[in-house]
Amino acid sequence: MKNIFSSAQLKIFGISLLVLVIGYVCLAQGPADNPVSKTLAPLLIVGVYCVLIPVIFFLKDKKEVTTEKKTGV
C-alpha cells in the first residue's frame with residue numbers, strides 16, 4: 001500500500017498542529033486587550049491555515065518527482 005503523504009509532509013503537518021494549538025492557547029489568554037491575544041494569536045492561526053496547511057498539499061516527495069520524470073507521467 002502506497003503512503004499518501006511523505007515524511008516531510010507529515011513533519012510539516014505536526015508543526016502546523018503545534019503552532020495551531022499555541023495560537024489558540026495565546027488567543028485564550030487574559031483580557032481582550034491583551035497584546036498576545038490581540039495580535040500574536042491571530043497571526044499564528046491565519047499563518048497555519050493560509051500558509052502551512054496548503055504547503056502540505058503542494059509539497060512533493062523527491063522520489064515521486066524522479067519517478068514521474070523517468071516514466072513520463
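The values are calculated or read from the model by the stated rules, or taken from the named source; none is laboratory data. All of these numbers come straight from a predicted model, not from anything done at the bench. Glycine gets a Cβ as well: all are built from the backbone with ideal geometry, and neighbour counts include every protein chain shown.
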Counted residues in the stretch 1-33 being of a type in the set (A, V, I, L, M, F, W, C) and under 16 Å from Val51 (Cβ atoms) come to 9
Being surrounded by 12 or more Cβ atoms within 10 Å (Cβ to Cβ), at pLDDT 95 or above and in contact with a Phe, Trp or Tyr (Cβ under 8 Å, 6 or more places away or on another chain) narrows Ile22, Ile45 down to just Ile45
Looking at (1) aliphatic (A, V, I, L, M); (2) at pLDDT below 95; (3) surrounded by 10 or more Cβ atoms within 10 Å (Cβ to Cβ), can you tell me which one Met1 breaks? (3)
